[in-house]
1. With chain B treated as a Gaussian network of Cα nodes joined by springs under 10 Å, which of B:183, B:70, B:313 yields the largest mean-square fluctuation?
2. Between residue B:312 and residue B:326, what is the spin-label point distance in nm, taking each point 7 Å from the Cα along the Cα→C-beta axis?
3. Report the antiparallel proportion of the DSSP beta bridges in the protein assembly as shown as a percent, rounded to a multiple of 5.
4. Any idea how far apart residue A:62 and residue A:106 come out in nm if each label point goes 7 Å out from Cα toward Cβ?
5. State, as an integer percentage, the relative contact order of the stretch A:137-264 based on alpha-carbon contacts under 8 Å between residues 6 or more apart.
6. Scan the stretch A:173-266 for GluC sites (Glu not before Pro) in coil per DSSP, keeping those whose Cβ has at most 13 other Cβ atoms within 10 Å, and list them by number.
7. Sort out for me the Cα centre separation of the stretch A:105-120 from the stretch B:42-109, rounded to whole Å.
8. Quote the Stokes-Einstein diffusion coefficient, in whole µm² s⁻¹, for chain A, based on the Kirkwood radius over alpha carbon pairs, a temperature of 4 °C and a viscosity of 1.567 mPa s.
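The values are calculated or read from the model by the stated rules, or taken from the named source; none is laboratory data. None of the values given here were measured: they were computed from a predicted structure. Cβ atoms come from the backbone with ideal geometry, glycine included; neighbour counts cover every protein chain shown. Surface accessibility is based on the protein's heavy atoms, side chains included, excluding ligands, DNA and RNA. Shrake-Rupley method; radii C 1.70, N 1.55, O 1.52, S 1.80 Å.
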Amino acid sequence: MEWALAIPRLQTSTRLKDLWFGPKGSLLNDLKKDFEDRFGFIRFTRLYYGQEFCEKAISGKEDMKKALYLSEEEGMNFTCVTPYVTEKGLTKVKVLLSQLAKERPESEVVINDWGVLDWIIDEQLTFTPILGRLLNKVLRDPRIPKNLMNSSNSEKTHYFQTSCLAGLGMKNLLDQYSVKRIELDHPPQGLDPELLDWGYQTSLYLPFGVVTTGRLCLIQSWGVEVKDKFRSSSRCDQKCLPYWLEMTDLSGRVRKNADWELMQKGNTIFYRLSRESVAKAIDSADSTGVNRIVFQPEPL
Amino acid sequence: MKILAPVSSIHEVEVLTSKGADELYCGVSLEAWENKHGQDVWLSRRGPGKANIRNLDTLSELVDKAHHNGAKVFLTLNQPGYVKELATEILSFVQEVRRNCVVDGFIVADPGLIRTLKEKEQDTVIHVSSLAAVLNSSSVNFFRKLGVERIIFPRYLDVNTLRKIIAVGGTDMEYEVFILNDGCVFEEGYCNVSHAYGGAFCHNPAWAYKLISIDGEEVGGNIRKARNFKGVEESFCQSVDEYKRWLWVGIKNFGGLSGSNGYPLGMCGLCTLPEYEELGITSLKIVGREAPFRKKVKSVELVKRILDYVKEGHPPEEVREYAKNIKGVRGLCETGYMCYDR
């Protein structure tokens, strides 16, 4: 199993090693203990760097250079992560990847927008394209009925565990774009036991899964004038960096669950798997042929 | 620019086309499909029930009637992705539809399905659904290579962004934008939930938010106490209250009420019609296959009135004034909470 450490931005990376040492009693700390009990010393051999969810937070060239330097210093391979983008974000991604092509042309690039994939191939860049988890349409609905969760014998459960990426049409299309690896969350209904048959190498993100993401942002709108609230075009002062929003449904439609917590950060809602669920996810990764764990202490 | 209206019954065609709909779109939910797959595996983004037509004979009649009235009909197959196990069934479904009637195009989001359809049914016209989240010009190019005829832009792309996309993406492609009814809090194409499990995840539950600092501590409502963000006076609780107000006005269509002139409330792009005209937008989409018939009719009527006004050559500011007057809820319009152009 390959272990990758994912950081969305550079601030965190100044304490790259500390990321593996959360406060005592924290989930992070517990996970470290569990992983090491199971696998022995964990050595991250790859750095995932960059934004998956927000084009306003795409890194500048200089920060990426620092991240590259950091990965080199730590002896890690480099994967640049990109989000879904409007035209403005596309320009930023082009600048960033053009720079990366000069500095580290053999890098991997995680792609969460069909346009970015198309541009990389059109420009004949030598990156290894990876299909990001946002382009993998496996259902990740915390409301999914209990009878569809983790019952691997059910045909219906299997339907919700699999994805359009497993289909021939998509497989042929991704072959055309030289995509050999796809990224996965661990959904409430579990990974597809027949994941290997999809025909890709696979990476599993832990401990956060993505419920939904968008360009209108609750926390960005905090404190701005009404005319600028909930607008994709509004300026962002990145209030999401220091805060999480813990979410509870007062109507009871989305029940509390011991397996995960629902949280919003910036423009995206995540479920954070519990310690026990992460352990199950690792078991499941082992048995389904996942060959990379992407450990992501903070997703955004 | 054409007006594209939702339709879910043959009885709606006559009135919608007579009121000004040039194009119609619909979905099909076959009884056999429902029996086989249950109530939570949907053929399109809208589930079994009043949003869909129940059989191919009715679809065929509907298409004939629409064509007789000069309107085209597009069929939705717009799930963001169809799993491998459904691929053969979907292809057979499309082939059966095409044997039964002359649907003018299919609305599809899944690139794998588009590729398959263009390979197996080469003359099929494909409109790329907003669920494919075409947000930039490179994405237009990606789908152009798959042979599609139209791009349906997702909500909330402002005019400047659309202008740039179209300038690079090319004017030989058809483009469609949302013009009326129904918003989404998140980017629909990147939303991993199913409406089958209790509707929209973003606003149907009554979400309460607790602000937690990155170090795991619960923070009070005043951001200035929490961290020194200059100029932020609004407390977090006030901000959430305002968010809920926006949800009510913009996303939940003011509880489904109408304005004083009987026109629907909720998301709207009418003030941007002059710019859409200038950009060469092909079609204006009214959302809501599942909406009551009256709402569909009033929606078409409203768009037609403003579009006719644009065609008379009035300057953009006059068009916006006219649109607000006709819509009949100037106060709500002034909040900007109902604007697709955001």
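1. Between B:183, B:70, B:313, it is B:313 that shows the largest mean-square fluctuation.
2. Simple spin-label model gives 0.9 nm for this pair.
3. Around 30 percent antiparallel, to the nearest 5.
4. Roughly 3.0 nm, to one decimal.
5. 21 percent
6. On the way: sites: A:183, A:194, A:225, A:246, A:261; in loops: A:194, A:225.
Listed in order of number, the matching sites are A:225.
7. Each part's Cα centre sits 33 Å from the other's.
8. After rounding, the answer is 65 µm²/s.
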